[in-house]
Amino acid sequence: RVDANAALYVTFWLTSRWLAIRLDCLAVLVMLVLSLLAAVLVETGKQGVLSPAMLSLALIYCLQLTGLLQWTIRLVVDT
């Protein structure tokens, strides 16, 4: 029973890490797109579209996106 439990626990842990890596990649992709958008807006001089404060706020929210994605998926799985 201990071996069966350990095997299932290791499988659960590995799948959790696999999902975490995929969600981290998704969050990094969103952050990359937002950063490139901010760089393009600064280079073209169209800062009136989005203020620097709004861009920095969006970047901060993107940083929090990773934790929120993992937490949300964990709650869905637990439900």
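Couplings for the range 5-10, taken from phi via the Karplus curve 6.51 cos²θ - 1.76 cosθ + 1.60 with θ = phi - 60°, read 5, 5, 5, 5, 5, 5 Hz in order; Gly and Pro are left as x.
Leaving out ligands, DNA and RNA, what percent of the accessible area of the chain is carbon and sulfur, probe 1.4 Å? Don't jump to the answer; show the numbers that get you there.
Numbers: 4710 of 6460 Å².
After summing per-atom areas, the C and S share lands at 73 percent.
The values are calculated or read from the model by the stated rules, or taken from the named source; none is laboratory data. Fair warning: this is a prediction, and the values are worked out from it, not measured in the lab. Each accessible area value is taken on the protein alone, full model and side chains, heavy atoms only, with ligands, DNA and RNA left out. Shrake-Rupley method; radii C 1.70, N 1.55, O 1.52, S 1.80 Å.
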